[in-house]
1. Take every Cα-Cα distance within segment B:88-145, group them into 10 Å bins from 0 onward, and report for each bin the whole-number percent of pairs it holds.
2. If all Cα-Cα distances of chain B are sorted into 5 Å bins from 0 onward, what percent lands in each bin, rounded to whole numbers?
3. What residue among B:149, B:66, B:226 has the largest mean-square fluctuation in a Gaussian network model of chain B, using Cα springs under 10 Å?
4. How big is segment B:87-223 by Rg and Dmax over its Cα atoms, in Å?
5. Could you grab the relative contact order for segment B:1-77? Cα pairs under 8 Å, six or more apart, rounded to a whole percent.
6. When chain B is modelled as a GNM with alpha-carbon springs shorter than 10 Å, which of B:54, B:173, B:29 fluctuates the most?
7. Along each of the three principal axes of the Cα atoms of segment B:162-260, give the extent in whole Å, ordering the values from largest to smallest.
8. Tell me, how many Å apart are the Cα centres for segment B:211-240 and for segment B:1-63?
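Readers should treat all values here as calculations from the given coordinates under stated rules, not as data from a laboratory. Remember, it's a predicted structure, so these values are computed and weren't measured experimentally.
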């Protein structure tokens with residue numbers, strides 16, 4: 001299905017957030033997830049079902065001031 | 001000691017983690033600064049990248065308190081969602097809240113800031129709002145539940161130091177129970193000392209250290225300046241006056257009788 005990941009349109013096979021992270025090779029990295037501006041706690045990643053058109057943000061720590 | 005939401009710190013210097021020449025220099029500069037609170041940001045991870053992980057392990061090695069920020073956010077929804085992502089990512093209720101009105105000046109959007117602060121405080125956050133020196137805005141932030149307020153000295157990265165001293169003094173006088181931090185616009189250790197001399201509880205800076213020719217040495221200079229400024233404030237500065245006042249006694253001046 002078509003979703004937007006970090007602002008880019010992508011075709012993905014994954015149905016859940018957990019599966020998406022492994023599909024995109026983020027598994028085991030320190031990230032936070034928002035889907036359609038809703039932040040999903042890690043405890044929900046295995047069960048959170050993605051749907052076509054979702055806007056997914058995969059966020060990581062970065063230098064800042 | 002300075003208090004941020006019930007936690008006490010001996011260092012009054014909060015420092016950013018961006019723009020250093022290398023990760024090693026960042027770590028060395030933060031250590032040299034004596035800072036116990038460092039601010040970090042969040043960004044989109046590039047596909048498969050591990051840059052975030054690498055940066056995060058450098059920060060954890062420093063054993064400091066992390067203050068995540070919403071740097072660059074340009075709307076209330078964006079800032080609130082970023083704050084919630086930061087809470088997940090860093091496991092803290094602290095957030096340095098930035099809502100930016102204008103990309104060229106990085107002027108805070110104070111209306112959006114008050115709204116975002118209210119939303120986040122109701123959700124259990126402890127908010128460090130980056131704001132202008134306007135007293136009315138600061139009072140609105142306090143009404144919303146902020147116990148820390150962080151007015152700018154001058155625009156972010158401008159290195160101009162305190163451009164509106166009278167307004168910052170007014171904030172200090174009117175908000176005696178609020179932890180006040182000068183955030184942004186500091187370019188030199190003397191600027192930081194000035195903020196502490198005005199009774200500000202702390203300063204937050206980044207570029208002045210990171211972009212110095214020798215960031216580690218500059219971090220040390222800022223540490224000393226902040227300590228000097230605070231000591232001066234506690235010692236009680238003399239009042240300024242418009243005309244001269246002799247420091248040497250006038251009585252007994254030689255040849256005094258010859259002067260008409």
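1. P(r) for segment B:88-145, in whole percents per bin: 25, 52, 21, 2.
2. Taking every Cα pair in chain B, the percentages come to 1, 6, 13, 17, 18, 16, 11, 6, 3, 2, 2, 2, 1, 1, 1, 0, 0, 0.
3. B:66
4. For segment B:87-223, the Cα radius of gyration and maximum Cα-Cα distance read 14.8, 43 Å.
5. Once normalised by length, the contact order is 29 percent.
6. Of B:54, B:173, B:29, the most mobile in the Gaussian network model is B:54.
7. Over segment B:162-260, Cα extents along the principal axes are 60, 37, 22 Å.
8. Cα centres, segment B:211-240 to segment B:1-63: 20 Å.
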